[in-house]
Amino acid sequence: MASTLHSFASAADLADSLADKVADRLSAAIAARGAASIAVSGGSTPKAFFQALSTRDIAWDKVTITLVDERFVPADNTRSNHLLVDANLLQNKAKAARFVPLYQPASSVEEAARLATAKSAEIGIPFDVVILGMGGDGHTASFFPGGSNLARALDASTPRGVIPMEAEGAGEPRLTFTFSSLDDAALLVLHIEGEGKKDVLAKAEGSGDEAEMPIRAVLRRATSPVEIYWAP
Ligand SMILES: O=C1O[C@H](COP(=O)(O)O)[C@@H](O)[C@H](O)[C@H]1O
């Protein structure tokens with residue numbers, strides 16, 4: 001499916017524009033079905049966007065927020081994506097939203113993935129909005145090059161749900177939604193910032209294996225068009 005690049009003069013401009021776009025999509029879903037869902041990424045990039053989105057005037061009590069991926073760490077760990085969402089998105093007007101965490105206090109990441117799959121199954125599918133990020137190694141969600149479960153995660157026939165992932169570049173074991181859970185979102189966004197990420201994107205858009213740069217799976221095979229949001 002084709003992708004469209006939206007470039008902005010600054011990260012602040014991008015955050016505002018993306019927040020407006022996402023808020024419009026969530027409001028449209030609420031108008032149509034009485035509920036809306038969004039799966040967001042962690043990492044360093046989405047903070048300003050989260051803060052902008054949290055102020056938008058929509059019926060947040062009808063919105064379910066989850067993460068596209070998470071570290072297998074509790075929510076008070078500084079590396080938790082849940083902590084980032086708590087501090088920056090579940091604030092202001094968005095405080096009224098329901099949050100479904102991927103981390104579960106289980107004895108193994110495999111068990112946590114099973115529990116997270118069961119909990120997230122209550123969220124309507126497909127997601128109304130998915131916001132992906134991308135690492136300098138070409139990973140997105142927790143689809144890491146060399147990841148223990150990468151082939152399963154990227155296989156379009158793997159059912160929707162959350163699976164475990166371990167990889168050298170990932171630090172802790174991870175929990176990630178599968179490709180099939182994310183690629184058909186009504187609004188599918190890849191949010192990246194900086195010249196370095198633009199170069200990584202250009203490389204990913206070239207030829208080469210998906211396993212080498214897993215973002216390629218999204219750019220090449222997502223059912224929905226990919227809206228790429230970039231600022232320097
Ligand atoms: O590990 C992760 O990294 C990616 C990219 O993060 P960034 O810090 O380079 O913006 C992120 O999309 C993913 O959700 C996160 O778990």
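Please treat every number below as a calculation from the coordinates, not as lab data. Remember, predicted model here, so these are calculated numbers, not experimental data. Every residue, glycine as well, gets a Cβ built from its backbone with ideal geometry; the counts of neighbours run over all protein chains shown.
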Do any of 95/197; 62/198; 47/198 go past 24 Å between their Cα atoms, and which? 95/197; 62/198
In what order do 17, 107 fall by count of nearby beta-carbon atoms within 10 Å, going from fewest to most? 107, 17
Which value results when the Cα radius of gyration for the chain is divided by 2.2 N^0.38 Å? 0.93
About its Cα centre, what dipole magnitude does the stretch 13-75 give when the only charges are +1 on Lys and Arg Cβ and -1 on Asp and Glu Cβ, stated in debye to the nearest 20? 160 debye
One finds, for residue 223 and residue 20 with R0 = 22 angstrom and r their Cβ-Cβ distance, a FRET efficiency to the nearest 0.05 of 0.35
Place a +1 charge on the Cβ of each Lys and Arg in the stretch 49-157 and a -1 charge on the Cβ of each Asp and Glu, then give the dipole magnitude about the Cα centre in debye, rounded to the nearest 20. 220 debye
